[in-house]
Every structure is written in C-alpha cells, then in structure tokens.
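Down below is the structure, laid out as structure tokens.
The values are calculated or read from the model by the stated rules, or taken from the named source; none is laboratory data. All values reported here derive from a predicted model rather than from experimental measurement. Because the Cβ atoms are built from the backbone with ideal geometry, glycine has one as well, and the counts that use them run over all protein chains shown.
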Amino acid sequence: MKINSARQAWHDCNYNPAPGQTSDVAELGVVVQKTERGPTANLAIHGALAGHIQSAIARLHSQLRAFGNAMYAAEPTDDDREEAEEAVFNLACSWVERMTASKRHRASYVAKGVFRRYRYMHQGGQSASVDPLIKPEVFRAWLDGEYNIKLASVAWGRDWEPFVQLCFNACHDIDARALSPIGNVIYKMKEAA
C-alpha cells in the first residue's frame, strides 16, 4: 500500500492483495510470475498501514464516514451515497435563510446532482476530472432525465446557481473534515518512518 494521499489511502485500506501479489498485479487481473522466492512481508506491511487508516475512518462521525466511503471506498454502498447526499443537502440548506417547501423538495435533488458531480470531479483522488455538467442547461437536462425534476431556466442565476454553489461548498467542507483525520494519520506514519 503506497500512501500518496488521504483519498488514495481511504480507497486502498480495504483492499487486501492475495499473498504473492502486489496491488499493481491485482489491478491488472493477472498474476505475473516472478523470479523472487519465498514469502515477503508486503502483505503484513499493507495490513498494518491499512489498519491505521481503517481505525481513523472508524472514529469519524457517521456522516463524514459515509461521505468518505461514497467518495473513495473501493466498493461504496447506496446507503453511504444516500447519507452523503443528505449531509450535503442539510449543510447547504443551513446556509440558506429560507426556502419554500416546493423549492426545498427540488433542492434536495439538486444536492444529489451536485454530489455526483463533485464525486466525478474528484474520482481517483487527483481532483483533475472536468465537471461534465458545468453548463446549467446540461445539469437541468440531467436532473430531468435522472430524477424527473424540472428546473426553470428563467432566472437560473438568481434561483438555482447560488444553491448549486452552496452544495459544492458543502461537499468541499465535508470532504475536508472527512479527510483531515486520515491526513493526520498519514503525517504521523511518515514522521515515524
């Protein structure tokens, strides 16, 4: 297990390579015969490093853990994704003074969409993917196709753009709070090495 970032460590900590395999070989899906002989300590080292990361994840608040799992776990669950979407929606709404019940209902789907966009943009831990739904008309069409939620294009900048930005801010805030303890563990492990 190579520890290059908290995001990668989160993903890799639940991955257990078979004895004699490196994570690269397992990712390729084939076993490559090597000339090396005898058992190595790679599996034990991976387990020890992964245990530190898993312990830090287990100590997180349930919403932070769900958000991190939905973002970075090798096999995220629907429950984690739903809890992460709810956390984004609740935090974004806490920054809004008031909202009608009808708008709040549609806003919950906007938050789901923004979470998916944020996840796509940060997929792989490098935060280098371009937002495929950055244009309002594309995002609105996606919401309509995915959830059958129609948002008017009239006054988008006034009605929805600020809430979309609040959802992105919420994603960033929750992400930072979830990854911070993992980063601290990594820092301590590297200091001890």
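For the range 135-149, does any single residue satisfy the condition of being modelled with pLDDT of 95 or more and either assigned by TED's automatic domain parsing to the domain that holds Ile57 or closer than 20 Å to Asp80 by Cβ (or both)? Yes, because at least one residue in the range 135-149 is modelled with pLDDT of 95 or more and either assigned by TED's automatic domain parsing to the domain that holds Ile57 or closer than 20 Å to Asp80 by Cβ (or both).
Being without any contact (Cβ under 8 Å) to a residue 24 or more places away in the chain and of a type in the set (Lys, Arg), is that true of even one residue in the range 107-114? No; the residues of the range 107-114 include none that is without any contact (Cβ under 8 Å) to a residue 24 or more places away in the chain and of a type in the set (Lys, Arg). You will find that of Val138, Val130, Val164, the residue that is part of a loop (DSSP other than H, G, I, E, B), on the phi < 0 side of the Ramachandran plot and over 14 Å from the mean Cα position of the chain (by Cα) is Val130 and no other.
Screening Ala70, Ala128 for residues that are assigned by TED's automatic domain parsing to the domain that holds His172 and under 18 Å from Ala9 (Cα atoms) leaves exactly one candidate, Ala128. If you go through the range 95-124 and keep only what is more than 30 Å from Glu75 (Cβ to Cβ) and either out of contact with any helix residue (DSSP H, G or I) (no Cβ under 9 Å at 6 or more places or on another chain) or not aromatic (Phe, Trp, Tyr) (or both), you end up with Val96, Glu97, Arg98, Met99, Thr100, Ala101, Ser102, Lys103, Arg104, His105, Arg106. Summed over the range 144-193, the residues that are among the polar types (S, T, N, Q) and under 26 Å from His61 (Cβ atoms) give a count of 4.
Beta carbons closer than 8 Å, at least 6 apart along the sequence or on distinct chains, never pair a first residue in the range 147-166 that is free of Cβ contacts under 8 Å to residues at least 60 places away in the same chain and surrounded by 14 or more Cβ atoms within 10 Å (Cβ to Cβ) with a second that is charged (D, E, K, R) and assigned to a loop (DSSP other than H, G, I, E, B). Report whether or not Tyr187 is surrounded by 13 or more Cβ atoms within 10 Å (Cβ to Cβ) and under 22 Å from Ala6 (Cβ atoms). No. Would you mind telling me which numbered condition in (1) more than 15 Å from the chain's Cα centre (by Cα); (2) outside any helix (DSSP H, G or I); (3) hydrophobic (A, V, I, L, M, F, W, C) Val110 fails? The single condition Val110 does not satisfy is (2).
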